[in-house]
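What follows is a short report on a single structure.
The values are calculated or read from the model by the stated rules, or taken from the named source; none is laboratory data. Everything numeric here is computed off the predicted structure, so don't read it as measured data. Cβ coordinates were reconstructed from backbone atoms using ideal geometry, including for glycine residues, and neighbour counts include every protein chain displayed. In case anyone asks, the SASA skips ligands and DNA or RNA and just uses the protein heavy atoms, side chains included. Shrake-Rupley method; radii C 1.70, N 1.55, O 1.52, S 1.80 Å.
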Amino acid sequence: MIQELLPEQLRRTFDHKASCIDTTENLKPLEGIIGQKRAVSALLFGLDIRERGFNIYVAGPPGMGKMTAVKSFLEELASRKDIPADWCYVNNFDDSYKPRVVKLPAGRGRQLQQDMKTLIEHIQREIPNSFESEEYGARRDEIAKAMEGQRSGVLERLNTQANEAGFTIEATSFGIIMIPMLGGRPLSEAELAALPVAAREDFQRKRDLLQEELTSSLKQVRGIEREAHKKMEEIDRKVALYIVGGLIDDLEEKYRDLPEIVEYLRAVQKDILENIKIFKSGQSGPAGQVLEGLSLQAPWLQEMPFRRYQVNVLVDNSRLGGAPVVVELNPSYNNLFGRIEKETQLGALYTDFTMIKAGSLHRANGGFLVVPVEDVLRNLFSWDGLKRALRSREIQIEEPGERLGFLTTKSLRPEPVGFDIKVVLIGHPMLYYLLHAYDEEFPELFKVKADFDTRMDCIDENIQDFLAFLSTFCQKENLKPLDSGAVARLLEHAARLAEDQEKLSTHFGALVDVVREAHFWAHQEGAVRVGAAHMQKSLDQKVYRSSLIQERICEMISRGTILIDTAGQAVGQVNGLSVISLGDYMFGKPSRITASVEPGQGGIIDIEREVELGGPIHSKGILILGGYLAQKYAQEKPLTLAARLVFEQSYDGVEGDSASSTELYALLSALAGLPIKQGIAVTGSVNQHGDVQAIGGVNQKIEGFFDICKAKGMTGEQGVIIPQSNAKNLMLREDVVEAVRSKTFHIWGVKSIDEGIEILTGSLSGDRGPDRRFPEGTINYLVEKRLHDFAESLKELPKDGRPPGSKRRSKAK
């Protein structure tokens with residue numbers, strides 16, 4: 001005998017008195033991730049294994065709190081790991097367009113930066129003082145006097161030789177020239193041309209001899225000047241080295257454990273000694289005047305020559321307490337890989353190594369980087385760049401335009417930074433499957449999948465973790481604590497979201513929103529704690545804000561605009577149930593399904609499919625009905641039936657097979673000629689053997705029909721037939737449970753079509769006896785007899801398909 005479901009089977013309740021807690025205020029905070037043992041195991045494996053390619057993809061539907069959970073988990077794990085090194089960029093004195101990268105222990109990057117700043121400031125202050133000293137001036141004057149004496153001696157000797165040959169030496173802006181003399185007086189060009197030919201040739205011969213001597217003397221003068229310049233430079237170097245050498249030696253001693261830094265310091269010393277002029281003050285001449293004028297207009301120009309000695313601390317980990325955990329919510333190419341900034345100087349763009357800025361990959365180096373996969377796929381170059389970094393184990397900073405070949409201007413090409421990061425992608429499972437199928441590199445780079453489940457077992461351990469989570473959340477967001485009644489109501493809501501009495505939803509994004517709203521209502525009332533009434537009001541108000549369309553449909557049904565009967569009987573007509581989803585709100589809607597039958601060979605015609613309103617799964621359900629009829633009623637003779645099924649007043653697409661059992665009931669009613677009770681709605685799919693199968697949205701479907709019955713008037717005979725396998729998914733509203741308890745509403749769970757049709761018609765379905773016949777008067781007997789009659793009526797038709805006695809109408813000529 002088919003039994004109705006008891007009120008206790010319709011909803012799982014949590015006794016707040018047995019929870020052993022008063023409020024969530026004093027509970028122990030949650031440690032780890034709640035209800036995700038499989039995902040936690042995958043995370044621990046992926047984070048501990050050091051081999052290449054074992055990066056992690058965290059998969060799960062949106063709104064589950066994956067990002068928050070993973071971040072908290074990583075931060076707790078990272079706190080036990082070593083602090084990674086600092087990374088700095090310094091000038092490459094051999095090629096300034098290729099800055100060098102150096103790696104230092106955590107905290108020493110800032111030390112080096114400050115040490116270099118102090119060094120340069122000291123040198124800027126001391127070198128000008130040294131070059132202005134009397135001793136330095138005396139030594140330069142000595143060299144200058146010696147040079148001038150040697151230079152004068154050479155020129156005097158040359159002038160004597162010229163006078164003896166009848167020439168005088170004269171310095172002009174074009175160089176030194178020789179002028180012929182006659183009678184102690186220089187000759188003009190005209191006077192020289194008026195001389196006899198022999199005299200002119202004698203002057204020319206002597207000029208040629210003096211020209212060779214002049215060239216030799218001038219070369220000797222230049223050598224004297226170069227030698228003097230070298231001596232002055234050597235004095236400058238010695239003075240500068242006296243100041244710089246000791247400071248550099250001190251720094252080399254400080255950083256002796258870092259060979260890269262010692263090498264850099266030696267390069268700094270060499271460059272300072274080669275560019276002493278930039279440290280001198282009070283430069284004279286046109287260049288000094290120009291620089292002074294520009295500095296007045298742009299004071300920062302005074303510091304430009306000294307930028308080459310600065311240290312650009314790219315990543316400073318001095319304040320970390322463990323490995324870094326970086327969450328990049330906007331993974332553009334520049335945000336991930338850093339950028340080379342530029343500034344305008346005198347109308348032109350300028351950049352150097354001090355304007356190299358770090359990206360998320362640099363900050364996460366030595367730790368963990370968490371990135372939403374959808375965002376990284378959406379940003380141009382980011383996905384390809386991330387895969388390249390994972391393959392090469394290097395972080396290369398470059399202009400995005402360079403990769404496309406758009407930029408031809410000269411820019412920096414910094415040395416790449418070493419890559420030591422665990423990358424954690426977070427996204428929808430579908431993206432994981434698509435990337436795995438269509439991106440050849442993805443399986444090699446992300447070998448660990450951490451699957452977040454949408455449900456967890458409703459056991460004591462998970463319930464305690466759930467309470468600890470609520471306590472932690474309320475403390476973190478400064479919300480009022482929840483009392484035991486509010487906790488019980490939230491647990492029931494979690495079970496409803498999971499659509500399973502033995503499970504709890506892990507969709508914590510939706511659950512904490514309910515807690516926030518309940519806190520609001522408690523605050524409005526001035527309550528100290530969030531109680532069960534506040535929690536229920538939060539749930540009710542959320543439904544109220546979203547149920548406008550549902551109320552309009554209910555109104556149209558109650559007013560007769562949409563035809564739905566909730567009382568009486570009708571042949572070939574039954575109330576089916578569907579679910580309408582509107583964003584974050586779902587509700588059930590009844591639909592009238594009708595069937596018509598006649599003799600024929602057309603089989604079952606789905607009108608929804610014929611007009612292309614039926615989806616493939618719905619069409620599959622219709623085809624299964626033909627299989628059911630054939631295996632049950634047409635084993636000894638072919639099935640002769642032309643039937644039509646339709647969702648009445650349906651103007652949208654129909655998809656899913658949850659109404660296939662409903663359509664079969666309508667079809668059996670039409671064949672048997674037995675009326676169906678219109679106060680009973682049906683949901684459930686069916687297979688070819690007549691087994692009723694589970695469907696989704698069972699709670700919304702039952703509640704939707706209950707609301708319609710309530711609006712049109714309760715008769716005490718109304719109810720819903722559901723698959724027996726869906727009984728564990730019931731978490732109905734309390735008003736529905738109370739209606740069942742008071743016998744004004746009924747819910748049946750059935751396993752087969754025979755059980756369902758008996759409830760709908762009040763007649764026995766009937767089983768085949770030893771003679772392979774159904775008992776007379778049963779539903780199956782009537783269906784089989786009707787199909788037999790259809791077959792016999794088809795036999796009586798002539799080949800042209802016209803009824804007997806009818807004549808073919810002749811055509812008019």
In Å², nearest 10: area of H493 left accessible to a 1.4 Å probe: 40 Å²
L6 - accessible surface, heavy atoms, 1.4 Å probe, Å² rounded to 10: 100 Å²
Relative contact order (percent, whole number), segment 646-794, Cα cutoff 8 Å, 6+ residue spacing: 23 percent
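Can you quote the Å³ per residue value for the convex hull of the Cα atoms in the chain, rounded to an integer?
Normalising the Cα hull of the chain by residue number yields 367 Å³.
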Theoretical gain in end-to-end length, K280 to E260 [0.36 nm per residue, Cα-Cα removed]: 4.3 nm
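Give the shape of segment 436-526 as rounded, prolate or oblate, defined through the alpha-carbon gyration tensor: a ≥ b ≥ c are the square roots of its eigenvalues, a/c under 1.5 means rounded, and otherwise the shape is prolate if a/b is larger than b/c and oblate if not.
In terms of gyration-tensor shape, prolate.
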Nearest 10 degrees, 0 to 90: helix 616-633 Cα axis against the chain principal axis: 30 degrees
Exposure of E126 as accessible area (Å², to 10), given a probe of 1.4 Å and all protein chains: 60 Å²
Near-label residues of segment 499-518 by backbone N, under 16 Å of a point 7 Å along Cα→Cβ of K728: 499-505
C-alpha long axis of helix 108-131 to longest principal axis of the chain, angle in °: 20 degrees
Length-normalised contact order for segment 301-398 - Cα pairs under 8 Å, 6+ apart - percent: 34 percent
Positive-end extreme of charge dipole, the chain - chosen from M67, Y628, M304 (charges on Cβ): Y628
³J(HN,Hα), Karplus 6.51/-1.76/1.60, whole Hz, each residue of segment 661-675, x for Gly, Pro: 5, 4, 5, 5, 4, 4, 5, 5, 4, 5, 6, 7, x, 9, x
Rough spin-label spacing in nm, given labels placed 7 Å along Cα→Cβ, for E374 and F93: 5.4 nm
Interchain or long-range residues, amide H under 5 Å from I426's placed H: V58, V371, V373
Percent of Cα-Cα distances greater than 21 Å, calculated over segment 694-804: 56 percent
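Put L218, L5 in order of accessible area, largest first, 1.4 Å probe: what do you get? Intermediate values should be presented prior to the final figure.
Working: L218 55, L5 10 Å².
Largest accessible area first, the list is L218, L5.
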Phi-based couplings in Hz for segment 728-737 (Karplus 6.51, -1.76, 1.60; Gly and Pro marked x): 6, 8, 7, 9, 7, 4, 5, 5, 5, 4
Surface accessible to a 1.4 Å probe, per residue, for the residues of the chain, Å²: 52 Å²
Ranked order, K480, K81 - accessible area, probe 1.4 Å, largest first: K81, K480
Cα-based helix-to-principal-axis angle, 66-78 vs the chain, degrees rounded to 10: 50 degrees
Farthest toward positive dipole pole in the chain [+1 Lys/Arg, -1 Asp/Glu at C-beta], among F131, I176, G153: I176
DSSP bridge pairs, the chain: antiparallel proportion in percent, nearest 5: 60 percent
Taking N as its residue count, the alpha carbon Rg of segment 26-99 over 2.2 N^0.38 Å: 1.67
Mean-position separation - Cα centroids, segment 714-789 and segment 498-571, in angstrom: 29 Å
Taking the convex hull of Cα positions in segment 308-384, its mean projected area over all directions (nm²): 6.9 nm²
The chain, relative contact order in percent, only Cα pairs under 8 angstrom and at least six apart counted: 16 percent
Between segment 99-171 and segment 329-387, the Cα center-to-center distance that results, in Å: 44 Å
Dipole magnitude (debye, nearest 20) for the chain, charges at Cβ of Lys, Arg, Asp, Glu: 2060 debye
Cα point-scatterer Debye curve for segment 351-445, base-10 log of I(q)/I(0) at q = 0.11, 0.23 Å⁻¹: -0.38, -1.34
Accessible surface ranking that places the most exposed of V370, V597 first, with a 1.4 angstrom probe: V597, V370
Amide H partners (placed H, <5 Å) of G614, local residues excluded: R609, V654
Set K28/K503; K589/K728; K71/K480; K589/K620; K701/K785 screened for pairs whose C-alpha atoms are more than 27 Å apart: K701/K785
Hull shadow area, averaged, segment 708-766 [alpha-carbon convex hull, nm²]: 4.6 nm²
Surface share of carbon and sulfur [accessible, 1.4 angstrom probe, percent] for the chain: 51 percent
Separation in nanometres of the label points that stand 7 Å from Cα toward Cβ, at E792 and E394: 9.1 nm
Amide H contacts under 5 Å for S578, placed H, 5+ residues apart: K589, S591
